[in-house]
Amino acid sequence: ELFCQAPFVQVCDLAVVFWLTAKTGETSWFTAMIGNECARKWGLDARELYGLAAENTPRLFPARIQGLKRVLEEISGERLGKECKEAPMEEPFSALAVAPPHVISNQAWNYGAATVLYRGVLKKLSDQVGRDLLLLPSSIHEFLALPWAPELSMKKLGEIVSHVNWTA
């Protein structure tokens, strides 16, 4: 139903929709999805919106890539206080025989899953870890990126994503 109401572009198995964002205060933002009617009034189709988004979004909302453990420590520290932040975090990926995952988002941690579409972001991370990447969509706000290894269990990864979403 959503794709009948808003322009979108398919990228691999993802559907990219477009949002209007305006800063309304020091740390507050107004966001609204761009619907078909608005796009028609602006005289823009989905491909033109994608081009504008590809140019403007990385500039306005730069990518942020961090290790999952650090992100969880930051989240728990902010929500639960200093004593929790200083306590060691359980690393849900420790059972896997691969390097820990990275969280790919933007610096605002808001609608940051789109950063996987930024030119060069995935290549840079892949080069850094020295492997191809397996991307796990965690939410509209971030992706998890794991260095690829043949022994990765898709079932186990699904359980881990559920655990991470529940924890965070």
Classified through the alpha carbon gyration tensor (a ≥ b ≥ c as square roots of its eigenvalues; rounded if a/c is under 1.5, else prolate when a/b is larger than b/c, else oblate), segment 106-168 comes out oblate
Pairwise FRET efficiency - Ala99 versus Lys23, Cβ, R0 = 41 Å, nearest 0.05
0.65
Would you pull out the residues with amide H under 5 Å of Asn110's amide H, same chain only if 5 or more places away, H placed 1.01 Å from N?
none
Lys69 - accessible surface, heavy atoms, 1.4 Å probe, Å² rounded to 10
90 Å²
Interchain or long-range residues, amide H under 5 Å from Gly67's placed H
Val103
Over segment 1-41, what percent of the accessible surface lies on carbon and sulfur atoms, probe 1.4 Å?
56 percent
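The values are calculated or read from the model by the stated rules, or taken from the named source; none is laboratory data. Note that the coordinates shown come from a computational prediction; the quantities given were computed from them, not determined experimentally. Counting neighbours? That spans all protein chains shown, and the Cβs are built from the backbone with ideal geometry, glycine included. Quick note on the areas: whole protein, heavy atoms, side chains included, nothing else; ligands and nucleic acids left out. Shrake-Rupley method; radii C 1.70, N 1.55, O 1.52, S 1.80 Å.
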